[in-house]
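The values are calculated or read from the model by the stated rules, or taken from the named source; none is laboratory data. This structure is a prediction, so every number in the text was calculated from the model and none was measured. Glycine gets a Cβ as well: all are built from the backbone with ideal geometry, and neighbour counts include every protein chain shown.
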Amino acid sequence: MKILALLAATLATVPAINGAPLFTIDDLGSLGGTQMSGMAINQSGAVAGYGRDVFGNLSAFSSTGSPTDLTPAWASLAQASGINGAGQVAGQTFANGHWQAKLWSNGTAQVIGGLGGPDSYATA
């Protein structure tokens, strides 16, 4: 009994920890398909990643609320892997049988280039 009383007295003196949550979980929504994968998040909470569109194609997205499809009309597939504090997104598009590294800025894809091979990838 003395042990239980000591334990109760000790617990009564420990202050409650009432800090803010360390993280929250938000639903990213979808691009019309069944899969979404967030690959990176910046300090502002913007997310970049990829998901399936309504036709099942792999599409790059960025999101500060609902996802925005970044896949250019001329690309059959796209993936996003990184996002910086300015909201620029790094990833790649697939067209004409090859992957090509891209940097999306304000929704516009720019070619990053590669090291001479047929494929290139951007991850961050």
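Data for the structure
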| read-out | value |
| --- | --- |
| Subset tally (residues that are outside any strand (DSSP E or B) and either hydroxyl-bearing (Ser, Thr, Tyr) or under 16 Å from TRP104 (Cα atoms) (or both)) for the range 34-64 | 4 |
| Residue within the range 76-90 that is at pLDDT below 90 and touching a strand residue (DSSP E or B) at 6+ places or on another chain (Cβ under 8 Å) present | no |
| Residues that are modelled with pLDDT under 95 and surrounded by fewer than 18 Cβ atoms within 10 Å (Cβ to Cβ), drawn from the range 99-112 | SER105, ASN106, GLY107, THR108, GLN110, VAL111, ILE112 |
